[in-house]
Amino acid sequence: MSIRVIQWATGTVGIHAVPAIVRHPKLELAGLWVHADAKAGQDAGELCGGPAVGVTATQDADALLELDAQAVCYTANSDLRPDGVVDDLVRLLESGLNVVSTSFVPLLFPKAAGEGVYDRLQAACLAGNSSLYTSGIDPGFGNAGITIHALALSKDVRTVRMMEIVNYATWDNPFTMFEIMGFGKERTDQSLLLSPGSTALAWGPVIELVAAAIGLELDEVTERHEVIRADEDFEIASGTVGAGTISGMRFEIVGVVDGEERIVVEHVTRLRDEDAPEWPQGHGYRIDVAGEPNIHLELELTSDLGDHNHAGCLATAMHVVNAIPAVVAAPPGVLTMLDLPVYSADAS
């Protein structure tokens, strides 16, 4: 019997989740919630660029909760509404729906997502006999997922560095690029992402998850960043980056033990490949473990249907869509990668 799934939102990730759910041999698309008025009433398949699938998008959350469904794939935006996301998740979980999510990325390791968040979500799971799992590509498989599996090869682990090195110029998401990340802004204090504590909130749980996997107790998690500015006006998919404004950023989130930097997440984000040649070079995700043995891994995502940014959004969706059968089968509660069995795509 197929698992009936409600897709929640069709943004840059959800638009990939809908056709993936439809094609998955163990899943069935039961319903679709959309935020925009213009999307309501459209067929879910056509809304996501494919053929009609016979499921109509709606803004009626109450009606969706009354469907005979077992799971929700929740991909709604959380940048300015993390509390709203938690409220949504609590409602879904208490109703008995299992949830996989790419939203509010600190939930990759919920115990590090803020005071009271884990307890509230865990109580909702127990009340609804349901489970919650959050992942994606970064934060998610591109850093914590690869690293945790790779560390099974280790006898000794001295340091771990997890990197994303990606050109974001082709990502057409003006709000995130300009208002959240701060590209095109004159000052770093105009960037929500680079405001004190923001990168630690988003990627600190990656460090906490890896530390938990290897039994390492962190003393603190710190952060640092640097930016470059454009030498001229230039265009990206999201709009214009003006001369003198932020056009690239490099930030690190650091897990410290006894004064030593043991686990680090690093992001190098360019809008032009030739910029900041002194920064690390590459195209994707890199894991470096200093220990015995030393480990170096590279992951690069491409697509026949788009570029690396398209591939990254698709991979984000697929890492939770493919987890749905395992999450539905899991005992009630808030889950991490450490709680689920190994899962993969289903090509049957």
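Values in this text are rule-based calculations from the coordinates and carry no lab data. Just so we're clear, the structure is a prediction, and the values are computed from it rather than from any experiment. Every residue, glycine among them, receives a Cβ derived from its backbone with ideal geometry; neighbour counts consider all protein chains shown.
Under 10 Å, Cα contacts only: if you run a Gaussian network model on the chain, which one of 282, 114, 145 comes out with the highest mean-square fluctuation?
114
Tabulate in residue order the Karplus-calculated ³J(HN,Hα) for segment 63-80, using 6.51 cos²θ - 1.76 cosθ + 1.60 with θ = phi - 60°, rounded to whole Hz; enter x for Gly and Pro.
So the Karplus estimates, Gly and Pro as x, are 5, 5, 5, 8, 5, 7, 10, 10, 8, 10, 9, 9, 10, 5, 5, 10, 4, 10 Hz.
Which parts of segment 255-277 would a label at residue 226 reach, counting a residue when its backbone N lies under 17 Å from a point 7 Å out along Cα-to-Cβ?
Residues 265-271, 274-277 qualify, since their backbone N sits under 17 Å from the label point.
Tell me the mean residue ellipticity at 222 nm calculated for the chain from its helices only (DSSP H runs of n ≥ 4, each -39500 (n - 2.57), averaged over every residue, nearest 500).
-7000 deg cm²/dmol
Who wins for biggest fluctuation among 138, 88, 37 in a Gaussian network model of the chain, springs between alpha carbons below 10 Å?
The residue with the greatest mean-square fluctuation here is 37.
Considering only C-alpha atoms, what is the centroid distance from segment 298-341 to segment 146-204, in Å?
18 Å
What are the ³J(HN,Hα) values, in whole Hz, obtained from phi via the Karplus relation 6.51 cos²θ - 1.76 cosθ + 1.60 with θ = phi - 60°, for each residue of segment 27-44 in sequence order, with x given for Gly and Pro?
10, 9, 6, 9, x, 9, 9, 10, 7, 7, 4, 5, 7, 4, x, 8, 5, 4
Taking H as built 1.01 Å from N, whose amide H comes closer than 5 Å to the amide H of residue 276, not counting residues under 5 places away?
Answer set, sorted by chain and number: none.
Enter the mean projected area of the convex hull around the alpha-carbon atoms of segment 141-300, in nm², rounded to one decimal.
Quarter of the Cα hull surface area: 9.2 nm².
Suppose the Debye formula is applied to equal point scatterers at every Cα of segment 47-104; what is log10 I(q)/I(0) at q = 0.13, 0.30 Å⁻¹?
Listed by q, the Debye log ratios stand at -0.39, -1.29.
Counting only residues 5 or more places away or on other chains, whose amide H sits under 5 Å from the amide H of residue 248 once H atoms are built in the peptide plane?
Amide H to amide H, under 5 Å and 5 or more residues apart or across chains, residue 248 pairs with 228.
What FRET efficiency comes out for residue 347 versus residue 87 if R0 is 35 angstrom and r is the Cβ-Cβ distance? Round to the nearest 0.05.
So, using R0 = 35 Å, E works out to roughly 0.45.
Kindly provide log₁₀ I(q)/I(0) values, in the same order as q = 0.09, 0.10 Å⁻¹, from the Debye equation applied to equal alpha-carbon scatterers of segment 1-144.
Those come out to -0.25, -0.32, one per q.
For a quick check, take a GNM of the chain with Cα springs below 10 Å and name the residue from 201, 67, 92 with the largest mean-square fluctuation.
Comparing 201, 67, 92 in the GNM, the peak value goes to 67.
So if I take the alpha carbon set of the chain, get Rg, then get Rh from the Kirkwood formula, what is the Rg over Rh ratio?
Ratio of gyration radius to Kirkwood radius for the chain: 0.96.
Where Rh denotes the Kirkwood radius from the mean inverse Cα pair distance, what is Rg over Rh for segment 97-145?
Value, to two decimals: 0.99.
Tell me the trypsin sites (Lys or Arg not before Pro) within segment 151-251 that lie in a loop according to DSSP and have at most 14 other beta-carbon atoms within 10 Å.
Answer in residue order: 155, 187.
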